[in-house]
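Undergrad: This structure is in C-alpha cells; I'll ask about it shortly.
The values are calculated or read from the model by the stated rules, or taken from the named source; none is laboratory data. If you're wondering where the values come from, they're calculated on a predicted model, not measured in any experiment. Positions of Cβ are backbone-derived with ideal geometry, glycine not excepted, and every protein chain shown enters the neighbour counts. Just so you know, the surface numbers come from the protein's heavy atoms only, side chains and all, with ligands and any DNA or RNA stripped out. Shrake-Rupley method; radii C 1.70, N 1.55, O 1.52, S 1.80 Å.
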Amino acid sequence: MAGLNSSLHHPVHIVIVGGGYVGMYTALSLQKKLSRGSADVTVIDPQSNMTYQPFLPEAAAGSVEPRHVVVPLRKVLHGCTVITGAVVGITNAKKTVTIQAAEGEPYDLGYDLLVVCPGSVSRLLPIPGLAEHGIGFKTIGEAIFLRNHVLSRLDLAASTTDPEQRRRSLTFAFVGGGYAGVEAMAELQDMAQYATRYFKNLHADEMRWVLIEAASRIMPEVSVRLSSYTVDRLTERNIDVRLNTRLESAVGAHLVLSDGDEFDAETLVWTAGVKANPLIEATDLPRDDKGRLPCAANLTVKGATNVFAAGDCAAVPDLSKDDPNAVCAPSAQHAVRQSKVLAGNIAAAVRGSALHDYRHAYAGSVASLGLYRGVAEIYGIKLRGPVAWFMHRTYHVSRMPTLNRKVRVVADWTGALLFRREIVSLGQLQMPRAEFQQAAGEPKLPEAG
C-alpha cells in the first residue's frame, strides 16, 4: 500500500488541532517515528502549553507548583511548528483549517493529514445563576483561582462582623461526583482545614462543604463498594454528600437543591460532566448525536479521508466490552493510551503500512482524597488510605510528560514532606491593575467569581 509520502511531491503536512495530552504526545512521538523530510508537523492550540489535568487538584491545594503541571509546547516540540491560536473552522473538502490568533484576521492553513483532538469543555446545564456564579475545574487558571478564592473566603470570614457574610464565605459547594469533583473538593477541603489553624477566631467545624451528585453514587469508574467507602471517608471529614440531588438554581449565589434544601454559598464549583469541544460543530466532518467525531477502532474518522481523532472529542469503539455500541469514556487513562496508538497509526499512514486498532485493557483507577488519603482499584485489587494515595501519585507522575516535569513534581512533594504546607493567597492576581485604576479614578472592576 502506497503511503501519503510517496503519493505527494512534498513532505506530508500533518496538522494537529489541539495541544492537550493527546495532541502533544502524538506530536512528540511523531518527531521520533518519522524521518526528517518525510513530514512537517504543525500543532495548533489557543494555549502555548499542555496541562496535565490529573494534577490540577494538587496544584489547587498547593502540593504542586502550578507551573510544574504545565508543559511548554515549543520547548518539547522543537521539531514541530506550534501555532498559538484557536481553530474556528475545518473544511476537510478543501483540506484547510481556519485559525484565529489572539489578534488579527483569521486565516486558512492547508494540510495533507489532519488530527483532531481539541478535547472537551465543561458541560453547562441551563440552571439559573450557574453561568454567573459557577466556575469549572479543567484549566490551570481555574485551579489557581480556586485556591486563591477559598483562602480569601477564610480571610473574609475571619475579618467580618456580619454572621451571614461569615456563613456564606465558609460554604463551599461542588456539583458533580466524578473524579474531578471528588478530588478537587477533597484536596481543597484538606488545604482549608489546615489553614484554619492560623486563624484565632475561625474553627474548621464552621466550614460547610457540600458535594452534590445527581446519580445514586459518586465515582462511577470504581466499584460500588469503593464508591461507598469514599462517601464514608468524605462524610467523616464533615463533607455533606448529597446523592440523587440536582442543583436547580444558583441565582444571587443562593443555591436551591432538588431535595428542598436552600443555602447561600460564595463558592460554586461545577464538575458535572464534559462535552466535546464546540469546535467540532464548525467543521464539515461527521458527528454523532453527542457532537463527537465517530471513529473506527484504528482512530480514523468514519466518512472522512486522512483524518484521525482521539481523546474526549472522539467516539472511539471500546473493544474491551461485548456491547458493539460501547465507546471509550472521556478520561485521562484513555487519552494516555490512545495517543500512543494514534502516533503509530499516523506514521503508518505516511509510510503506507497497516493501521492498528485501539484496544483498552482496563488496569484500574486511582484517586486522591487529600494528603495521605486515597482510593484505588488496580486489576481488581482494592486499596485505601496512604497506600492508595501513594499509588495515585506514583501512577500520575509516571504519566507526566517529560523528565523535567517529573523531577520538578517529585521535588515539590519532597519539599512538602520536609516543610509545612503553604497557605498564601495571591488574590491580587485577579486584579493586577487595581492600584492604577484607583489612582486614575477609574471604577474598580469586581473580582471574578
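Undergrad: For Glu187, what charge total do you get from the other residues with a beta carbon under 13 Å from its beta carbon, if Lys and Arg give +1 and Asp and Glu give -1?
TA: +2
Undergrad: At what distance in nm do the modelled label points of Ile378 and Lys302 sit from each other, each positioned 7 Å from its Cα along Cα→Cβ?
TA: Once both label points are built, they end up 3.7 nm from each other.
Undergrad: Could I ask something else about it? Restricting to DSSP loop positions (anything but H, G, I, E, B) with no more than 11 other Cβ atoms inside 10 Å of their own Cβ, which trypsin sites (Lys or Arg not before Pro) remain in the range 43-129?
TA: Those that pass, being in a loop and sparsely packed, are Lys94.
Undergrad: Now for a separate question. Within the range 238-278, whose backbone N sits under 11 Å from a point 7 Å along Cα→Cβ of Ala215?
TA: Flagged as within label range: 273.
Undergrad: I'd like the FRET efficiency for Ser320 and Thr91, computed as 1/(1 + (r/R0)^6) with the beta carbon distance as r and R0 of 35 Å, rounded to 0.05.
TA: The computed FRET efficiency comes out at 0.50.
Undergrad: Averaged per residue, what accessible area in Å² does the chain show with a 1.4 Å probe, protein chains only?
TA: Result: 47 Å² per residue.
Undergrad: Less than 9 Å Cβ to Cβ from Thr91, Lys/Arg counted +1 and Asp/Glu -1: what total charge do the surrounding residues give?
TA: Cβ neighbours under 9 Å give a net charge of 0.
Undergrad: When we measure straight from the Cα of Lys340, which aspartates and glutamates land under 12 angstrom away, once same-chain ones fewer than 8 places off are left out?
TA: Asp357
Undergrad: Tell me the angle of helix 140-159 to the major Cα principal axis of the chain, expressed in degrees between 0 and 90 and rounded to the nearest ten.
TA: The two axes meet at around 0 degrees.
Undergrad: Sticking with this one: Between Glu281 and Gln165, 0.36 nm times their residue separation minus their Cα-Cα distance comes to what?
TA: In short, 37.5 nm is gained.
Undergrad: Looking only at the chain, where both bridge partners belong to it, what percent of the DSSP beta bridges are antiparallel (to the nearest 5)?
TA: Counting only bridges with both partners in the chain, antiparallel ones make up about 50 percent.
Undergrad: Roughly speaking, to the nearest percent, how much of the range 283-331's 1.4 Å accessible area is carbon and sulfur?
TA: Heavy-atom surface of the range 283-331 belonging to carbon and sulfur, 1.4 Å probe: 46 percent.
Undergrad: When the chain is treated as a GNM, springs tying every alpha-carbon pair under 10 Å, which of Gly177, Gly37, Gly385 comes out with the largest mean-square fluctuation?
TA: Its mean-square fluctuation being the largest, the pick is Gly37.
Undergrad: Another one. Out of the total accessible area of the range 1-106 (probe 1.4 Å, heavy atoms of protein only), what percent is carbon and sulfur?
TA: So the carbon and sulfur contribution to the accessible surface is 51 percent.
Undergrad: Considering only DSSP states other than H, G, I, E and B, which chymotrypsin sites (Phe, Trp or Tyr not before Pro) in the range 109-200 qualify as loop sites with at most 16 other Cβ atoms within 10 Å?
TA: The qualifying sites are Phe199.
Undergrad: Additional query: How far is helix 224-236 tilted, in degrees, relative to the longest principal axis of the Cα atoms in the chain, given as a value from 0 to 90 rounded to the nearest 10?
TA: Helix 224-236 sits at roughly 40 degrees to that axis.
Undergrad: Given R₀ = 35 Å, FRET efficiency for Glu103-Arg67 by Cβ-Cβ distance, to 0.05?
TA: Step by step, r from the Cβ atoms, then E = 0.85.
Undergrad: For labels at Ala354 and Lys340 in the simple 7 Å Cα→Cβ model, what's the distance in nm?
TA: So the label points at Ala354 and Lys340 sit 2.0 nm apart.
Undergrad: For the range 350-406, which whole-number percentage of the solvent-accessible area (1.4 Å probe, protein heavy atoms only) is attributable to carbon and sulfur atoms?
TA: Answer for the range 350-406: carbon and sulfur cover 65 percent of the accessible area.
Undergrad: Rounded to the nearest 500, what is the chain's calculated 222 nm mean residue ellipticity when only DSSP H runs of at least 4 contribute -39500 (n - 2.57) each, over all residues?
TA: -10000 deg cm²/dmol
Undergrad: Quick one, what does Rg over Rh come out to for the range 81-188 if you take C-alpha atoms and the Kirkwood Rh?
TA: 1.15
Undergrad: Something else now. Nearest 0.05, what FRET efficiency do Ala131 and Ser38 give at R0 = 41 Å with Cβ-Cβ as r?
TA: After rounding to 0.05, the efficiency reads 0.30.
Undergrad: Now for a different question. Could you check which residue among Tyr21, Tyr107, Tyr358 shows the biggest mean-square fluctuation in a GNM of the chain with a 10 Å Cα cutoff?
TA: The residue with the greatest mean-square fluctuation here is Tyr107.
Undergrad: Further question: Trypsin sites (Lys or Arg not before Pro) within the range 351-421: which are DSSP loop residues with at most 11 other Cβ atoms inside 10 Å?
TA: Filter output for the range 351-421: Arg420.
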